[in-house]
1. Please specify each residue of region 141-176 satisfying the condition of being within 16 Å of L31 (Cα to Cα) and of a type in the set (S, T, Y).
2. Is it the case that region 142-157 has a residue that's acidic (D, E) and at pLDDT 95 or above?
3. Restricted to region 147-193, and to residues that are surrounded by fewer than 17 Cβ atoms within 10 Å (Cβ to Cβ) and among the hydroxyl-bearing types (S, T, Y), which residue is nearest to R76 (Cα to Cα)?
4. Does A107 meet the test of being closer than 30 Å to D62 by Cβ, among the aliphatic types (A, V, I, L, M) and touching a Gly at 6+ places or on another chain (Cβ under 8 Å)?
5. In the set R76, R9, R67, which member is of a type in the set (D, E, K, R) and out of contact with any helix residue (DSSP H, G or I) (no Cβ under 7 Å at 6 or more places or on another chain)?
6. If we scan region 24-47, do we find a residue that is polar (S, T, N, Q) and closer than 15 Å to P163 by Cα?
7. Restricting to region 153-193, name every residue that is among the basic types (K, R), farther than 21 Å from V22 by Cβ and touching a residue at least 12 places away in the same chain (Cβ under 8 Å).
Amino acid sequence: MLPTPLRVRIAIWAWLIAALLVGHYGLLQRLPLPAVQGVLFAVTALLLVLYFKAAGLRAWIDALDPRSLVLLHVTRFVGIYFLILYQRGELPYAFAVPGGWGDIGVASLALLVCFLPLPPAARHRALTIWNTLGFADIMMVVVTAGRLGLQGEPLMRNLTVLPLSLLPTFLVPLIIATHIILYLRLRRAVPTA
């Protein structure tokens, strides 16, 4: 049996390759836009089920420094790309600008929370505040994307082709799942003074 970290790496690489193939072959383009949100939530649910049901995986994730989960969110600098695509007329303002700036802010705060020298109790508070803000931001982005998809906003179709198709099939489910896992871990942790 492979050790858990190696199995996790293999699973993440396989998942990323599958997400790339979905984008490459345009599988999301065949779905109505609101169904893309369904894919996103199904993948998120699968990640959370794996976390709760696979004891080895859960133990490995729970043994990680919480900052490891937070650093994943530096990928949210993708918000810069949202702003560029809005300027090019390839994403609608309602999605790209609030989502872009929100993601840039969350990614920037992730770096601060991880690297500022804080005592344990202050780090716990900072992580809790960051996690709340980050979760609210990503849910606002997901809800906005769903709303615009339901309204038939044609520019939202760009989320179904590479590279943006990696958002609903890979990155956003990982982001939502890590927010939920981090929330649970912070609730269990007792900050020391």
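1. T160, S165, T169
2. The answer is no; no qualifying residue exists.
3. Selected residue: Y183.
4. Here the answer is yes, as A107 does meet what is asked.
5. R9
6. For region 24-47, residues polar (S, T, N, Q) and closer than 15 Å to P163 by Cα: present.
7. Result: R185, single match.
Residue by residue, here is whether (1) closer than 30 Å to P154 by Cβ; (2) at pLDDT below 95; (3) of a type in the set (S, T, N, Q) holds:
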{"site": "E90", "(1), (2), (3)": "yes, no, no"}
{"site": "G100", "(1), (2), (3)": "yes, no, no"}
{"site": "D103", "(1), (2), (3)": "yes, no, no"}
{"site": "A110", "(1), (2), (3)": "no, no, no"}
{"site": "L118", "(1), (2), (3)": "no, yes, no"}
{"site": "W130", "(1), (2), (3)": "no, no, no"}
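The values are calculated or read from the model by the stated rules, or taken from the named source; none is laboratory data. Keep in mind it's a predicted model, so treat the numbers as computed, not measured. Virtual Cβ from ideal backbone geometry, glycine too; neighbours counted across all protein chains shown.
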